[in-house]
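All remarks here apply to the structure that follows.
The values are calculated or read from the model by the stated rules, or taken from the named source; none is laboratory data. Note that the structure is predicted; figures quoted are calculated from it, not measured. Cβ sites come from the backbone with ideal geometry, for glycine too, and all protein chains shown count toward neighbours.
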Amino acid sequence: MASAIEVRGLVRTFKGDITAVAGIDLDVAPGEIYGFLGPNGAGKSTTVHMLTTLLPPTAGTGRVGGFDIVKQGPEVRRTIGAALQEAALDPLLTGREHLKLQLALHGIPRPERPARTDELLARVGLRLAADRKIGGYSGGMKRRLDLALALAHRPRILFLDEPTTGLDPQSRSALWEEVVRLKRDEGVTVFLTTQYLEEADVLADRVGIIDHGRIVAEGTPRALKAEIGRPTVEALPADGTDPLTLEQVLGRFGELQPSTAGVAVRLDGRGELADVVRALDSAELKVADLHLHAPSLDDVFLAKTGRSLEGAEEEHEEEQEQKQEQAQE
């Protein structure tokens with residue numbers, strides 16, 4: 001079966017020799033939810049812009065729905081729907097008016113438009129706000145309307161670029177349910193970029209982790225976590241317990257990991273949780289809390305890059321600022 005999305009050696013560089021995407025290969029199967037995970041600045045959105053024909057690649061090839069993203073742009077655009085980070089919405093139009101315009105632009109027959117509009121508004125939970133102007137919508141409402149617009153012409157392939165950024169938990173959960181429904185009931189292929197580990201873990205059939213414009217890991221969430229295979233022990237020191245001494249004791253059992261709450265170590269086979277507890281007792285170290293964490297996608301990112309995903313975002317922003325400053329000098 002041909003891939004819904006096929007990418008070979010895709011590259012995109014910008015002025016000042018800034019490389020956003022550094023030669024990636026991708027294959028996404030029809031009906032698959034593919035999670036593209038990475039920090040801001042890693043190349044996620046640039047990849048989506050190339051695959052949706054909004055940005056030409058510097059090198060490499062890409063086919064979406066069987067069409068070449070450079071040579072067959074109109075065919076690609078008829079095949080896909082896209083809800084990108086910056087929604088192009090007119091604050092003076094209502095939600096209903098946006099959908100009617102979108103349906104007309106896609107050539108949906110006039111008699112079908114009212115029912116399709118009502119269906120989409122109900123699907124994204126905007127039926128009651130349908131006739132309000134967009135200028136009065138919240139950020140979450142705009143994101144949901146943008147999803148409805150992307151689905152207007154029943155695309156076979158849907159691109160969602162960080163769709164839940166800024167959404168409240170209820171809206172995020174509703175969007176997750178819609179993504180799963182599209183795959184299950186309509187066989188839609190979904191290419192989902194996100195920086196939320198939980199989102200990728202819950203939704204994606206497979207995950208690609210991108211860092212510095214390169215894919216550093218790819219596979220099912222379960223397989224990637226199994227590849228790491230080692231749980232993490234995290235200890236919160238009690239009052240009066242020296243964190244440095246705690247680090248020394250836990251360090252006997254594996255590699256120390258970043259922790260915002262206390263001291264964490266990824267076990268490397270030199271002991272289990274019971275051995276850690278005995279070592280703490282032997283050293284007379286008291287802890288307020290002790291947790292054993294199963295491997296996560298953040299552990300995968302850490303293993304592949306040497307950094308946690310949260311810290312990687314800030315590092316990318318600093319690197320991009322430095323490159324831009326150098327380009328201006």
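State the number of residues belonging to region 249-277 that are without any contact (Cβ under 8 Å) to a residue 40 or more places away in the chain and surrounded by 12 or more Cβ atoms within 10 Å (Cβ to Cβ). Break it down into steps so the answer makes sense when it comes.
If we filter region 249-277 for residues that are without any contact (Cβ under 8 Å) to a residue 40 or more places away in the chain, which is where we start, we get 249-256, 259-272, 274-275, 277.
After this cut, where a residue has to be surrounded by 12 or more Cβ atoms within 10 Å (Cβ to Cβ) as well, the list is 249-256, 259, 261-267, 271-272, 275, 277.
Of the residues in region 249-277, 20 are without any contact (Cβ under 8 Å) to a residue 40 or more places away in the chain and surrounded by 12 or more Cβ atoms within 10 Å (Cβ to Cβ).
Looking at region 199-207, is at least one residue in the same structural domain as residue 157 (by TED's automatic domain parsing), without any contact (Cβ under 8 Å) to a residue 60 or more places away in the chain and part of a helix (DSSP H, G or I)? Reasoning before the result, please.
Going residue by residue through region 199-207, those that are in the same structural domain as residue 157 (by TED's automatic domain parsing) are 199-207.
If we keep only those that are without any contact (Cβ under 8 Å) to a residue 60 or more places away in the chain as well, we get 202.
Keeping just the survivors that are part of a helix (DSSP H, G or I) gives 202.
Looking through region 199-207, at least one residue is in the same structural domain as residue 157 (by TED's automatic domain parsing), without any contact (Cβ under 8 Å) to a residue 60 or more places away in the chain and part of a helix (DSSP H, G or I).
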**Request:** Say whether the condition of being surrounded by fewer than 17 Cβ atoms within 10 Å (Cβ to Cβ), modelled with pLDDT of 90 or more and within 14 Å of the chain's Cα centre (by Cα) is met by at least one residue in region 203-211.
**Result:** yes
**Complete:** Among (1) in contact (Cβ under 8 Å) with a residue 60 or more places away in the chain; (2) more than 21 Å from residue 206 (Cα to Cα); (3) touching a Ser or Thr at 6+ places or on another chain (Cβ under 9 Å), residue 37 falls short only on (2)
**Message:** Condition first: crowded, with 21+ Cβ neighbours inside 10 Å and assigned to a strand (DSSP E or B). Can you find one or more residues in region 36-50 that meet it?
**Reply:** yes
**Message:** Need the failing condition index for residue 181 against (1) in a strand (DSSP E or B); (2) without any contact (Cβ under 8 Å) to a residue 24 or more places away in the chain, just the number.
**Reply:** (1)
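Here are some residues: 97, 86. Which one is charged (D, E, K, R) and under 15 Å from residue 49 (Cα atoms)? Talk me through it step by step, then tell me what you get.
Values: 97 fails: under 15 Å from residue 49 (Cα atoms).
After ruling out the rest, the residue left standing is 86.
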**Prompt:** Across region 65-92, what is the number of residues that are in contact (Cβ under 8 Å) with a residue 40 or more places away in the chain and either surrounded by fewer than 21 Cβ atoms within 10 Å (Cβ to Cβ) or in contact with an Asp or Glu (Cβ under 8 Å, 6 or more places away or on another chain) (or both)?
**Reply:** 13
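Would you call residue 221 within 30 Å of residue 12 (Cα to Cα) and touching a helix residue (DSSP H, G or I) at 6+ places or on another chain (Cβ under 9 Å)? It would help to see each step written out before you state the result.
On the way: within 30 Å of residue 12 (Cα to Cα): yes; touching a helix residue (DSSP H, G or I) at 6+ places or on another chain (Cβ under 9 Å): yes.
Yes, satisfied.
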**Asked** Out of curiosity, is residue 288 assigned to a helix (DSSP H, G or I) and touching a residue at least 40 places away in the same chain (Cβ under 8 Å)?
**Response** no
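Take residue 44 and tell me if it is farther than 30 Å from residue 301 by Cβ and of a type outside the set (Ser, Thr, Tyr). Can you show your working first?
Values: farther than 30 Å from residue 301 by Cβ: no; of a type outside the set (Ser, Thr, Tyr): yes.
Taking the combined requirement at face value, the residue does not satisfy it.
Name the single residue that is modelled with the lowest pLDDT among those in region 149-166 being over 23 Å from residue 74 (Cβ atoms) and surrounded by fewer than 19 Cβ atoms within 10 Å (Cβ to Cβ). Before you say what the answer is, go through the steps one by one.
Here is the first cut: in region 149-166, the ones over 23 Å from residue 74 (Cβ atoms) are 162-166.
Cutting the leftovers down to surrounded by fewer than 19 Cβ atoms within 10 Å (Cβ to Cβ) gives us 165-166.
On the way: 165: 81, 166: 76.
Only one residue tops the list, namely 166.
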**Asked** Given (1) aliphatic (A, V, I, L, M); (2) under 30 Å from residue 289 (Cβ atoms); (3) within 15 Å of the chain's Cα centre (by Cα), where does residue 224 come up short, assuming only one miss?
**Response** (3)
**Request:** Among the residues of region 178-198, write down those that are modelled with pLDDT of 90 or more and either buried (at least 20 other Cβ atoms within 10 Å of the Cβ) or in contact with a Leu (Cβ under 6 Å, 6 or more places away or on another chain) (or both).
**Result:** 179, 182, 188, 189, 190, 191, 192, 193
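Filter region 222-246 for residues that are among the small types (Gly, Ala, Ser) and in contact (Cβ under 8 Å) with a residue 12 or more places away in the chain and give the result. Lay out the reasoning, then the answer.
First, the residues of region 222-246 that are among the small types (Gly, Ala, Ser): 223, 226, 229, 235, 238, 240.
Matches in region 222-246: 226, 229, 235, 238, 240.
Checking the structure you have, find out if any residue of region 52-60 is in contact (Cβ under 8 Å) with a residue 60 or more places away in the chain and not in a loop (DSSP other than H, G, I, E, B). Break it down into steps so the answer makes sense when it comes.
Applying the first criterion (in contact (Cβ under 8 Å) with a residue 60 or more places away in the chain) to region 52-60 yields 52.
Checking the rest, the ones that are also not in a loop (DSSP other than H, G, I, E, B) come to none.
No, because not a single residue in region 52-60 is in contact (Cβ under 8 Å) with a residue 60 or more places away in the chain and not in a loop (DSSP other than H, G, I, E, B).
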